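What follows is a single structure, written as structure tokens, with notes after it.
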Number of protein chains: 2
Amino acid sequence: MDLNFREAERDDLERIVELIADDAVAAARTGSYGELHIKGFEAVTASPDNELVVVEADGEVIGVMQLTFIPGISRNGASRLLVEAVRVSSELRGQGIGRLLMEHAHERGRARGCALAQLTSDKQRSEAHRFYRSLGYEQSHEGFKLPL
Amino acid sequence: MDLNFREAERDDLERIVELIADDAVAAARTGSYGELHIKGFEAVTASPDNELVVVEADGEVIGVMQLTFIPGISRNGASRLLVEAVRVSSELRGQGIGRLLMEHAHERGRARGCALAQLTSDKQRSEAHRFYRSLGYEQSHEGFKLPL
């Protein structure tokens, strides 16, 4: 498969929302494509510290992820790469596309001077946890969320 | 105790590094105060999506945290507040200062339109986990890290 990684454009957004929602854990909370997603997209693209990346095969968007580059003081002033909302089209899972997506994320992080990649994954996603460990990630932290 | 929350300034940085390093888990990886922390500080203050907050008592900096405001597509286009590097001076722990620091974080998150706060905490920090649960956080995720 010939894959192409690029930054998401406005015309990709409906497909991106579909990919994010096509997931047992996230379906209920993603919502139907609409104004709120458009506002979110505009905020992501306006931020110098965020990139929304899509992967295409044969001109079709088959995966997405959001990268956030976070400067900091701890860990000797290191910047971190935060990876969120990683999705591959459900009919294409298990073919190594997620791995290529994550490798691309790490390349982007290194290009932005990040010394560390970090992500969280819902405790229900044990298959995803195996996947991240297989990429070399250490499952070292507990992740907490609070609605504001 | 009369507490004052404000954004960190360049003159606070040596004290901030001391606070971040005064911790069993982070001591080894924080490094001694130097050029790398200064570069990190400059990157944090240059970023519109990051705030380094200190808390003062009687003109002394006794606590610190870093806030990152992250726009996004998932969860109906919600922005998130990421809280990192939360520290209170070791001789003042257990007096509720951490709780006030977190409440200030949540206020800043709401002011920036964030619908969700999130953070990770090293699996070794079981006392911190109890603290975050006591603030209403759900311990719903596994946290992964990878050096780049």
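Scattering from segment B:3-134 was approximated by placing one identical point on each alpha carbon and applying the Debye formula without solvent; log10 I(q)/I(0) at 0.10, 0.19 1/Å stands at -0.32, -1.20. Simple spin-label estimate for residue B:107 and residue B:2 gives 1.7 nm between the two label positions (7 Å along the Cα-to-Cβ direction from each Cα). For segment A:60-148, a Kirkwood radius taken over Cα pairs fed into Stokes-Einstein (4 °C, viscosity 1.567 mPa s) yields D = 91 µm²/s.
Of the candidates B:107, B:51, B:35, which one comes out as most mobile in a Gaussian network treatment of chain B with C-alpha springs shorter than 10 Å? The residue with the greatest mean-square fluctuation here is B:35. Pairs of lysine residues in the protein assembly as shown that meet both criteria, 8 or more places apart or on different chains and Cα atoms under 26 Å apart, total 8.
Each copy carries a label point for residue B:22 at 7 Å from Cα toward Cβ; from one copy, the others' points are 5.2 nm away, ordered from shortest.
More than 31 angstrom separation, counting every C-alpha pair in the protein assembly as shown; what % is that? When every Cα pair of the protein assembly as shown is considered, 26 percent fall beyond 31 Å.
Bear in mind that the values in this text are calculations on the coordinates, not laboratory data. These numbers come from a predicted model, not from an experiment. With ideal geometry, Cβ positions are generated from the backbone for all residues, glycine too; neighbour counts draw on all protein chains shown.
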